[in-house]
1. Within the range 285-298, does at least one residue satisfy the condition of being within 16 Å of the ligand (Cβ to nearest atom), under 15 Å from A422 (Cα atoms) and crowded, with 16+ Cβ neighbours inside 10 Å?
2. Is there any pair with a first residue in the range 369-382 that is modelled with pLDDT under 95 and assigned to a strand (DSSP E or B) and a second that is crowded, with 20+ Cβ neighbours inside 10 Å and not polar (S, T, N, Q) whose Cβ atoms are under 7 Å apart and which are 6 or more apart or on different chains, and what are they?
3. Any residue in the range 190-203 that is over 25 Å from R113 (Cα atoms), assigned by TED's automatic domain parsing to the domain that holds E286 and over 17 Å from the mean Cα position of the chain (by Cα)?
4. Looking for something more than 16 Å from the ligand (Cβ to nearest atom) and farther than 30 Å from Y388 by Cα - is there at least one such residue anywhere in the range 251-259?
5. One residue is enough: does the range 209-228 have a residue meeting the conditions surrounded by fewer than 20 Cβ atoms within 10 Å (Cβ to Cβ) and charged (D, E, K, R)?
6. Restricting the first residue to the range 216-232 and requiring it to be under 8 Å from A184 (Cα atoms), which pairs with a second residue that is β-branched (V, I, T) meet a Cβ separation below 8 Å and a spacing of at least six or different chains?
7. Which one is farthest from W412 (Cα to Cα), of the residues in the range 187-214 that are assigned to a loop (DSSP other than H, G, I, E, B) and in contact with a helix residue (DSSP H, G or I) (Cβ under 9 Å, 6 or more places away or on another chain)?
8. Would a scan of the range 215-226 turn up a residue that is assigned to a loop (DSSP other than H, G, I, E, B), closer than 17 Å to W371 by Cβ, in contact with a strand residue (DSSP E or B) (Cβ under 7 Å, 6 or more places away or on another chain) and within 16 Å of the ligand (Cβ to nearest atom)?
Amino acid sequence: MYNTVFVLCLSFLAVLAKYEIYEGHTLYNIVVKDVEQAKLVNGLEKQIPIDIWMYAMPGRPGQVFVSKETEQKFLDVVENADIEYSILTDNIRESLELEKERLAAAAKRKSERSSFGLDFDTIHRYEVVDAYLTELSIRFPHFVTVESAGNSFEGRDIKYLKISTTHFQNNTKPVIMLQSLLHAREWITLPATLYAIEKLVIDITERDLVDNIDWIILPIANPDGYEWSHTDARFWRKNRRNGLLPGDSCVGVDPNRNFDVFWGNNSSDDVCSNTFHGTSAFSEPETAIIRDIILEHSDRLEMYMDIHSHGSMILYGFGNGELAPNGLELHVVGVAMAQAIDQVKWVEKPNYRVGNFAAVLYPASGFSSDWVQIAGATLSYTYELPSYRGQSGVNGFLVDPDFIVQAGYETWEGIKAGVRQATNKFYNRVAEKEAILR
Ligand SMILES: [Zn+2]
């Protein structure tokens, strides 16, 4: 009895702490007039501990999340530069509590599934997804295997699925890789990979996608950060690397700045920053794991999609503004994916934007889809799924449970469109090579 009370008290305190760390934080809307203003405000993340939720660009407002301690410094810079700003929310705690309530209510009204699988009523935790991947490999051994890629910094097993009717033994098939949750707080990205698994393993409606492709799906690329975002800090982005500063006053490397591509050029060397790139390229177990999977399959890796949120964008290399040699092809396939999503998206969500990472979002370095493009994928993309804009008006990482299944469904429409084009290109190239040899 006392133990139960004690545990209940502890979990109550944990919930309080989880929200208290954001007490006094404000989410600002930033409107920049020109590229100079954009550079100034976006570059601030390298100097003071602000959290940029959306980079400002001329014609697109930015969102910056600022703590009470940093607020004055931030406002001084913004006001001195005559940059327009307004408050989106000064009571983030209310929004966090609303998300928690709505997710809990949605989890209770669990829809009955007619078959085996995870539901799309809620956002599943690491342990649930981890067990699910193993269960899939046991139930569908003729075409699904689960691989342990290695351990995260805190020792969590990072598992991925291989889906292949020929057990990855047929080298004339393209390999396509899909991953989510490299950034911990981007919860809405998990349903995108879980939905793809559902359509490729449990509820197969497009046989060609199962037969003609070898799939690699990694649903939780950063499990330590992801769990931390559930238990301690909802807006945690990085992994949980510690020991870099005495007393661990700042923790975590941004895994999506840690890949060996223009490493360190456009990211932060400050351990406390949200875009801290680590002590060297691939210093983190989470990124080294993705590197090794890619290198194992680079000879026939046709497409790679790293799913993030938010902003309704499909982005391709490179983060310094240069284009990959097949930039036109990347753009054409990207547009096909965006159009497929736009056809089925909720009307209030914006249309997807497609383009070069630096041109559409913001210049950045060391991120996964750029490295994979160079390491051998023909088509490598970063998806930014749409943001939540619910009752609270907060536009960001919080999840509206009503949107979970839609996020999975519409993203899958985009993936399908892209994958079909990629697969056709792959088989055409194989046929051309054979014709030359004949
Ligand atoms: Zn992200």
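The values are calculated or read from the model by the stated rules, or taken from the named source; none is laboratory data. Worth saying up front: this structure is predicted, and the values here are computed from it rather than measured. Counting neighbours? That spans all protein chains shown, and the Cβs are built from the backbone with ideal geometry, glycine included.
1. Looking for residues that are within 16 Å of the ligand (Cβ to nearest atom), under 15 Å from A422 (Cα atoms) and crowded, with 16+ Cβ neighbours inside 10 Å, one finds none in the range 285-298, hence no.
2. none
3. no
4. no
5. yes
6. Note: pairs meeting the criteria are P223/I158; Y226/I220.
7. Per the stated criteria, the residue is N212.
8. Yes, the conditions are met somewhere in the range 215-226.
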